Amino acid sequence: MGPYIFPDNDRRRIPGLIYLLLAATTVVVTMLAEGSPLVDGGLYVGAAGLALLGAYHLQAGWSLGTDDADALVAAVREVGFPVGHASAQMAWRGLRSRPTWRVLVYSNESPPEQRGLVFVDGVDGSVVASHTELNPEDWDTGS
């Protein structure tokens, strides 16, 4: 059992190609069965919808160039304080669904005095946005 490898977003291209192939097949079958009572213009509309969906999947299939460890390193550099606990989550931004790591970091004190949220681009590893603040959470257990 090795380390966990996050799945790459370029897997979206596979269903995109399937949708395009299905759209082309629908158009060809509709043209060959012209005049049949089972075929009408709605199949062309469906094929166009499948083609649009396939094209969207192809363009949204970004190759992931930054893994969670690289995103954590970029987040540590960005926040400017020593990091203790951290968590990375994959999200997508924009109409083209560009992969972005959301990294939540806490300073290494116990309890943490600072926290930060850093957005790291999943394609090129650049920092998209960041926010740091004093930790507002109350860690007092009352005992």
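The values are calculated or read from the model by the stated rules, or taken from the named source; none is laboratory data. Since this is a predicted model, take the numbers as computed values, not measurements. Cβ: placed from backbone, ideal geometry, glycine included. Neighbour counts: every protein chain shown.
Overview of values
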| item | result |
| --- | --- |
| Subset of the range 108-130 (residues that are of a type outside the set (S, T, N, Q), under 24 Å from Asn9 (Cβ atoms) and touching a helix residue (DSSP H, G or I) at 6+ places or on another chain (Cβ under 8 Å)) | Val118, Val120, Gly122, Gly125, Val127 |
| Enumeration of residues in the range 108-125 that are more than 15 Å from the chain's Cα centre (by Cα) and either over 20 Å from Asp68 (Cβ atoms) or assigned to a loop (DSSP other than H, G, I, E, B) (or both) | Asn108, Glu109, Ser110, Pro111, Pro112, Glu113, Gln114 |
| In the range 94-107, the residues that are out of contact with any helix residue (DSSP H, G or I) (no Cβ under 6 Å at 6 or more places or on another chain), closer than 14 Å to Leu64 by Cβ and part of a strand (DSSP E or B) | Arg98, Thr100 |
| Of the criteria (1) within 24 Å of Pro136 (Cβ to Cβ); (2) surrounded by 12 or more Cβ atoms within 10 Å (Cβ to Cβ); (3) in contact with a Ser or Thr (Cβ under 7 Å, 6 or more places away or on another chain), which one Pro82 fails | (2) |
| Members of the range 41-93 found to be assigned to a loop (DSSP other than H, G, I, E, B) and not aliphatic (A, V, I, L, M), listed by number | Gly41, Gly61, Trp62, Ser63, Gly65, Thr66, Asp67, Gly80, Phe81, Pro82 |
| Extreme residue, farthest from Pro7 (Cα to Cα), among residues of the range 30-52 that are of a type in the set (A, V, I, L, M, F, W, C) and surrounded by 17 or more Cβ atoms within 10 Å (Cβ to Cβ) | Ala47 |
| Identity of the residue in the range 1-29, modelled with pLDDT of 95 or more and hydroxyl-bearing (Ser, Thr, Tyr), that ends up surrounded by the fewest Cβ atoms within 10 Å (Cβ to Cβ) | Thr25 |
| Condition broken by Phe6, with the remaining ones in (1) aromatic (Phe, Trp, Tyr); (2) assigned to a loop (DSSP other than H, G, I, E, B); (3) out of contact with any Leu (no Cβ under 9 Å at 6 or more places or on another chain) satisfied | (3) |
| Evaluation of Ser63 against (1) hydroxyl-bearing (Ser, Thr, Tyr); (2) in contact (Cβ under 8 Å) with a residue 60 or more places away in the chain; (3) within 26 Å of His131 (Cα to Cα) (one fails), failing number | (3) |
| Residues of the range 84-107 satisfying the condition of being over 16 Å from Ser63 (Cα atoms) and either more than 23 Å from the chain's Cα centre (by Cα) or touching a residue at least 24 places away in the same chain (Cβ under 8 Å) (or both) | Gly84, His85, Val103, Val105, Tyr106, Ser107 |
| Condition met for Thr132 (surrounded by fewer than 17 Cβ atoms within 10 Å (Cβ to Cβ), among the polar types (S, T, N, Q) and either more than 26 Å from the chain's Cα centre (by Cα) or outside any helix (DSSP H, G or I) (or both)) | yes |
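Per-residue answers, yes or no, for (1) modelled with pLDDT under 95; (2) small (Gly, Ala, Ser):
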{"residue": "Gly41", "(1), (2)": "yes, yes"}
{"residue": "Val45", "(1), (2)": "no, no"}
{"residue": "Gly49", "(1), (2)": "no, yes"}
{"residue": "Gly84", "(1), (2)": "yes, yes"}
{"residue": "Ala88", "(1), (2)": "yes, yes"}
{"residue": "Leu117", "(1), (2)": "no, no"}
{"residue": "Val128", "(1), (2)": "no, no"}
{"residue": "Asp138", "(1), (2)": "yes, no"}
